[in-house]
Structure formats: C-alpha cells, structure tokens
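One structure is given here, and the rest of the page talks about it.
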Amino acid sequence: MVTFLSIDRLAYLSMIRNVRRGLETRTQIIKQLDPDNWVTTTAISRNVDVTFTTVLYHLRNLERERIVERNPGGHGWRFGPFQQSDLSQYLETKPSRKKKR
C-alpha cells in the first residue's frame with residue numbers, strides 16, 4: 001500500500017526545482033518548525049529521519065526564500081516573519097520566461 005504525504009504549500013520554492021522527494025522532505029521539516037521557538041538542525045534531523053546535511057540544505061533554501069529564519073544569536077531555526085505571501089507578490093517577483101525576438 002502506498003501512502004501519500006500531503007505537501008505543505010510552503011514547501012514549494014521558486015528558486016529551485018521542486019521534485020517530489022524534496023517537497024516531501026521540506027514538508028516534514030516545516031512540520032517540525034514553530035514561529036515562537038527555535039529548533040536546532042540536529043533535532044529536526046532526528047525527528048524527520050534524514051541526515052543533518054540534508055536538513056541544513058533544505059533550511060538554507062527555505063531561508064533564501066524567507067520562509068524560515070536562522071537564530072542570529074546561536075543555533076536554531078523558526079518560521080520567518082514573511083511566511084505568508086499572496087499570489088500577486090509571487091507573480092511580481094517571478095522573472096518572465098518570454099523569448100526575445
């Protein structure tokens with residue numbers, strides 16, 4: 001029996017290719033985060049059952065898109081202040097893919 005994981009909308013990133021495995025891993029990471037408390041990369045990797053390096057890779061990608069923020073005073077991650085955005089903001093920042101003639 002195949003079990004499907006519901007993908008969190010915050011797992012979709014605009015700066016990288018969104019493959020199913022990455023979306024599933026980012027969704028599991030996002031479920032570990034809290035907007036009020038800092039969570040370490042080690043704690044996330046233990047709970048998600050992926051390597052520290054994999055969690056760090058995804059957290060850095062999420063940070064680059066301002067979904068999470070790194071604790072400036074030490075170790076830990078949490079949801080960033082910009083976790084909510086509407087479609088019009090996304091479309092304004094998305095580069096056009098039209099061919100020049």
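The values are calculated or read from the model by the stated rules, or taken from the named source; none is laboratory data. What you are looking at is a predicted structure, and each value in this text was computed from that prediction instead of being measured. Cβ: placed from backbone, ideal geometry, glycine included. Neighbour counts: every protein chain shown.
Among residues of region 55-76 that are at pLDDT 95 or above, those with a beta-carbon under 6 Å from a residue that is among the small types (G, A, S) and part of a helix (DSSP H, G or I) at least six positions away or on a different chain give the pairs V55/S45. If only residues of region 16-42 that are among the acidic types (D, E) and part of a loop (DSSP other than H, G, I, E, B) are counted, the one that is surrounded by the fewest Cβ atoms within 10 Å (Cβ to Cβ) is D36.
When I44, I30 are screened for being in contact with an Asp or Glu (Cβ under 7 Å, 6 or more places away or on another chain) and of a type in the set (A, V, I, L, M, F, W, C), only I30 passes. Within region 77-101, the set of residues being closer than 18 Å to Q32 by Cβ, part of a loop (DSSP other than H, G, I, E, B) and either over 11 Å from the mean Cα position of the chain (by Cα) or at pLDDT 80 or above (or both) comprises G80 only. Across region 55-70, what is the number of residues that are assigned to a helix (DSSP H, G or I) and of a type in the set (A, V, I, L, M)? The qualifying residues number 4. Set side by side, the residues S45, S6 differ, and just one is surrounded by fewer than 13 Cβ atoms within 10 Å (Cβ to Cβ) and either assigned to a helix (DSSP H, G or I) or on the phi < 0 side of the Ramachandran plot (or both), which is S6.
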